[in-house]
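**Student:** Quick one: structure below, then a few questions.
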Amino acid sequence: MHAACGKGCEHGLTWIKLSFLWMMYRCGWGLKEGQETVLAVEISREGFEWALRHACLSSYAPGVHPDRATWQRQLKRAPARVQWDPERDPRLTPLPYRSLQLGLGGEAVRRHAGGWAVAIRGVTALAHAIHGLVWDDDVDSATRLLPTRHPCPVGDELLAHFKG
């Protein structure tokens, strides 16, 4: 599993963005101040599933949570958060479907640093190259350079506590 990581911590969480193009939107192709380095981090499947099992939605969802107070209690206890943001195309235009973002805090960060991250590589030059092609209106060439995405099927039991 690959995750593009940018700024590191936000609201005390380390965010794993599973979408390369969403990350490019977030970090401005590695050109935003303080986000000039873009890393691809491969995490273990076991770590990803642990984080999902122990995560809470980052925002209140009627039908998923009995009430706002219950959600707030769950959010405070959860070592991980899940949020869904619009997927992006190579021009960074929002698409009609969403991509998972996984925020890690507390125990989840310690586990991530202690073994979930199995490979880290710099992809800043790749981000700049793809951005240059998009800027030059060569979206086809830019698309061919995008990292390959693989489906990440998960069992219903890992997602049951996110559905109403």
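**Student:** Assess whether Val134 counts as being more than 26 Å from Cys152 (Cα to Cα) and crowded, with 18+ Cβ neighbours inside 10 Å. Write out each step before concluding.
**Tutor:** On the way: more than 26 Å from Cys152 (Cα to Cα): yes; crowded, with 18+ Cβ neighbours inside 10 Å: yes.
When the stated conditions are applied, Val134 passes them.
**Student:** Does Arg26 satisfy the criteria of being surrounded by 14 or more Cβ atoms within 10 Å (Cβ to Cβ), out of contact with any strand residue (DSSP E or B) (no Cβ under 6 Å at 6 or more places or on another chain) and either at pLDDT below 95 or among the polar types (S, T, N, Q) (or both)?
**Tutor:** yes
**Student:** Go through the residues of region 67-75 one by one and say whether even a single one is touching a helix residue (DSSP H, G or I) at 6+ places or on another chain (Cβ under 7 Å), in a loop (DSSP other than H, G, I, E, B), more than 23 Å from Thr14 (Cβ to Cβ) and of a type outside the set (Phe, Trp, Tyr).
**Tutor:** Initially, region 67-75 is screened for residues touching a helix residue (DSSP H, G or I) at 6+ places or on another chain (Cβ under 7 Å), giving none.
No, that holds for no residue.
**Student:** Follow-up. Do we find a residue being touching a strand residue (DSSP E or B) at 6+ places or on another chain (Cβ under 8 Å) and either modelled with pLDDT of 95 or more or among the aromatic types (Phe, Trp, Tyr) (or both) anywhere in region 151-163?
**Tutor:** Yes, region 151-163 contains a residue that is touching a strand residue (DSSP E or B) at 6+ places or on another chain (Cβ under 8 Å) and either modelled with pLDDT of 95 or more or among the aromatic types (Phe, Trp, Tyr) (or both).
**Student:** Just one of the numbered conditions (1) of a type in the set (Val, Ile, Thr); (2) in a strand (DSSP E or B); (3) more than 14 Å from the chain's Cα centre (by Cα) is not true of Val41; which one?
**Tutor:** Status for Val41: all satisfied but (3).
**Student:** If you don't mind, there's one more thing I want to ask. For region 12-68, give me the residue count where each residue is touching a residue at least 24 places away in the same chain (Cβ under 8 Å) and basic (Lys, Arg).
**Tutor:** 3
**Student:** Follow-up. Run Arg110 past the list (1) farther than 16 Å from Ser19 by Cα; (2) more than 18 Å from the chain's Cα centre (by Cα); (3) surrounded by fewer than 14 Cβ atoms within 10 Å (Cβ to Cβ) and report the number of the one that doesn't hold.
**Tutor:** (2)
**Student:** Can you tell me which residue is nearest to Gly122 (Cα to Cα) among those in region 16-38 that are of a type in the set (Phe, Trp, Tyr) and not in a loop (DSSP other than H, G, I, E, B)?
**Tutor:** Looking at residues that are of a type in the set (Phe, Trp, Tyr) and not in a loop (DSSP other than H, G, I, E, B), I get Phe20.
**Student:** Can you tell me which residues in region 112-164 are in contact with a Leu (Cβ under 8 Å, 6 or more places away or on another chain) and within 30 Å of Leu75 (Cβ to Cβ)?
**Tutor:** Matches in region 112-164: His112, Ile120, Cys152, Val154, Leu158, Leu159, Phe162.
**Student:** What is the one condition in (1) modelled with pLDDT under 95; (2) in a helix (DSSP H, G or I); (3) not hydrophobic (A, V, I, L, M, F, W, C) that Asp140 does not satisfy?
**Tutor:** Failed condition: (1).
**Student:** Can you find, within region 52-99, the residue that is farthest from Gly155 (Cα to Cα) among those that are surrounded by 12 or more Cβ atoms within 10 Å (Cβ to Cβ) and acidic (Asp, Glu)?
**Tutor:** My answer is Asp89.
The values are calculated or read from the model by the stated rules, or taken from the named source; none is laboratory data. Please read these numbers as outputs of a predicted model, since none were measured by experiment. Cβ: placed from backbone, ideal geometry, glycine included. Neighbour counts: every protein chain shown.
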